[in-house]
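Enquirer: One structure, pasted below without further comment.
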Amino acid sequence: MSIAPTVASPRDLEAEQLRDAERFEQAVAQYLAGEIEEDVFRVMRLNNGIYGQRQGGTNQMIRIKLPAGSITPEQFDTMAHISETYSRGWGHITTRQNIQFHFVELRDTPKVMRELAAVQLTSREACGDTVRNVMGCHLAGACPHEVLDITPWAEATFRTFVRNPLGQRLPRKFKVNFSGCSTDCGQAMFNDVGVIAVTRTNEDGTTEAGFRVYIAGGLGATPHPALALEEFTSREDLLPTIEALLRVFEQEGNRENKLRARMKWLVDQIGIEELRRRVLKQRHLLPASAVWPGGIPEEVQKLGDAPAGIASDGNASAVGQGVAVNFLPTDPFERWVAASVVRGTANGTVSAIAYAPLGDITTEQFRALASIQREFAADVRLSNRQNVVFRGLTDAQLRPLYDRLIAIDMATPGAELARDVVSCPGADTCNLAVTQSRGLASAIGETLEEEGLAEVGGVRVNISGCTNSCGQHHASDIGFFGAERRAHGQPAPGYQMLLGGYVGEEQIHFGEKALRVPAKNAAEAAARVVRRFNEERQPGEQFRAWMERVGGVSAIAEQLRDLDHFPTPDENPDYYVDYGETGPYVAEVGASECAT
């Protein structure tokens, strides 16, 4: 493409967020005065990243976008202030690299929006039928295996589509993820648009870095693997390609049935070949649009996208799902290094992961993380496994960092270990959840600790409180989703267990159903599988390969059948009370507000 890109004036994101806050403050006043109808206000609220809670009334969750999970010390400080002033004293890292706060009073949400503006953040389109937070690999720019640093590309995509008229009333939400290499730590393979940096060899023998764009993936109750749009997409064509996809989705998505409105359903509706044809036709015509998004984006020109590259000594850490962690040292610091440090970038720096159980960070921890980031002059990202990653470190900084993390209880070896259980918010706050998934996540963690299995490497456990897969249960080695059960004439909390989910190497395997278990037996089910895997796997063997070698999901499930049993309410009433609850279990489901 020889046409020069249209270069707009730099956008003032702070001013745009302040205008959003002012408009929304007026809308809140009108809504509370009965001047705006509920269905109209709901769209306004969601498009500003504000989501209702199951508690009803004016309790709200506010979700904050962090493109590619990037965060600064000033932003950490703002999170601390929001958590103690407007919320419950803590915030939550989501599986999409957002931070969200619960129990925020509706009247206070415009104040929060203004505070976000002051540190160049926004909640705009973090919820609703919009372009959601643009995700990226948490090691982008520091990964020893990457082809390109996708950080500026994620930022450019965010800036192009936030508040873009194309994305304000989509048929359904639209998710974009970036990965810098085929390892796919950014989880491109189950999103509406998944972008993976790749190379191709040109006719003159030169090697060109660009992208392979995957489309129409999704999880939810009906998971769908993303499919390649074309073999190679040039850097100049990437943003036009994403815009073309967005335009086709906006025009062709199902607006009559929200349950079949995601982009993945277009594959069923018109077929992948026809979908590809329409997208490429849209891209071909985009140079004639009023604002053509082609060329190398300003953010990429300014920041550069050169890969980190492999260290000269070749000492590059393995990354991605299924990485085994070998604990040879007994010293606590050395164990943390073995599990939580990634080495191998060209400039000799290292990255280290601070463990945040269930993705929760307290006010005090937010402030401490800001102080640590300043002290070590580190780049920081949030991971899709709900942890905090310090990058650009030296070996000499690891011990001082470890000591600082010990002081705030974030130095437990957690990355890629069994104890790092991921969960959605569940019935604690979500209208759609039928079980307390966070309670089960804590129970699994405690059981693994008690049985000496918490530091088994290469196995991921993910939990969702319903079928919608906000906790990404389909894509983990061991997955659970909540379901109402009935036993002895009474309702009871239960879970469907899945095994063998995997994302990596430009492929995805969704977990296969193993068996259903009572909620109070799910932790033991997870522990038994982790124990078998730890005892039986061969050196370097990944979970899915082990599962298939020992007879598949049915063979593993057969040894868990005794756990699918409910005692009578008289024998053990705990089976009829969910985690963290005091009364009998009731599956209460409210109206969907597109939570994930």
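The values are calculated or read from the model by the stated rules, or taken from the named source; none is laboratory data. Everything numeric in this text was worked out from a predicted model, so none of it was measured. So basically every Cβ, Gly included, is an ideal-geometry build from the backbone, and we count neighbours across all protein chains shown.
Enquirer: What pairs can you find where one residue is in the range 199-226 and aromatic (F, W, Y), the other is at pLDDT below 95, and their Cβ atoms are less than 8 Å apart, with a gap of 6+ or different chains?
Expert: Listed by first residue and then by second, the contacts come to nothing, as the list is empty.
Enquirer: What helices (runs of 4 or more DSSP H), lying completely within the range 12-99, carry at least 3 residues that are of a type in the set (S, T, N, Q)?
Expert: Details: elements: 13-32, 38-47, 73-85.
Here the list reads 13-32, 73-85.
Enquirer: Can you confirm whether the range 529-541 contains a residue that is closer than 30 Å to G194 by Cα and either without any contact (Cβ under 8 Å) to a residue 12 or more places away in the chain or under 25 Å from the mean Cα position of the chain (by Cα) (or both)? Step through it out loud before you land on a result.
Expert: Applying the first criterion (closer than 30 Å to G194 by Cα) to the range 529-541 yields 540-541.
Within this subset, residues satisfying the condition of being either without any contact (Cβ under 8 Å) to a residue 12 or more places away in the chain or under 25 Å from the mean Cα position of the chain (by Cα) (or both) are 541.
Checking the range 529-541: at least one residue is closer than 30 Å to G194 by Cα and either without any contact (Cβ under 8 Å) to a residue 12 or more places away in the chain or under 25 Å from the mean Cα position of the chain (by Cα) (or both).
Enquirer: I'd like to know if the range 455-462 contains one or more residues that are in a helix (DSSP H, G or I) and over 20 Å from N521 (Cβ atoms).
Expert: No, the range 455-462 contains no residue that is in a helix (DSSP H, G or I) and over 20 Å from N521 (Cβ atoms).
Enquirer: Taking into account only those residues within the range 247-285 that are in contact (Cβ under 8 Å) with a residue 24 or more places away in the chain and not in a helix (DSSP H, G or I), which is nearest to I215 (Cα to Cα)?
Expert: Across the range 247-285, the extreme among qualifying residues is M263.
Enquirer: Quick check: anything in the range 153-174 at pLDDT 95 or above, among the polar types (S, T, N, Q), under 14 Å from the mean Cα position of the chain (by Cα) and not assigned by TED's automatic domain parsing to the domain that holds R23?
Expert: Taking every residue of the range 153-174 in turn, none turns out to be at pLDDT 95 or above, among the polar types (S, T, N, Q), under 14 Å from the mean Cα position of the chain (by Cα) and not assigned by TED's automatic domain parsing to the domain that holds R23.
Enquirer: Report yes if A318 is more than 21 Å from A228 (Cα to Cα), among the small types (G, A, S) and modelled with pLDDT of 90 or more, otherwise no.
Expert: Taking the combined requirement at face value, the residue does not satisfy it.
Enquirer: State which residue pairs qualify: first residue farther than 14 Å from A525 by Cα and inside the range 543-558, second residue among the β-branched types (V, I, T) and part of a helix (DSSP H, G or I) in any location, beta carbons under 8 Å apart, and separation of 6 or more residues or different chains.
Expert: M547/V553; M547/I556; V550/I556
Enquirer: Sticking with this structure for a sec: When you scan the range 323-433 for helices (runs of 4 or more DSSP H) that lie fully inside it, which ones turn up with 3 or more residues that are of a type in the set (D, E, K, R)?
Expert: On the way: elements: 332-340, 363-376, 395-407.
Where helices (runs of 4 or more DSSP H) fall fully within the range 323-433 and carry at least 3 residues being of a type in the set (D, E, K, R), they are 363-376, 395-407.
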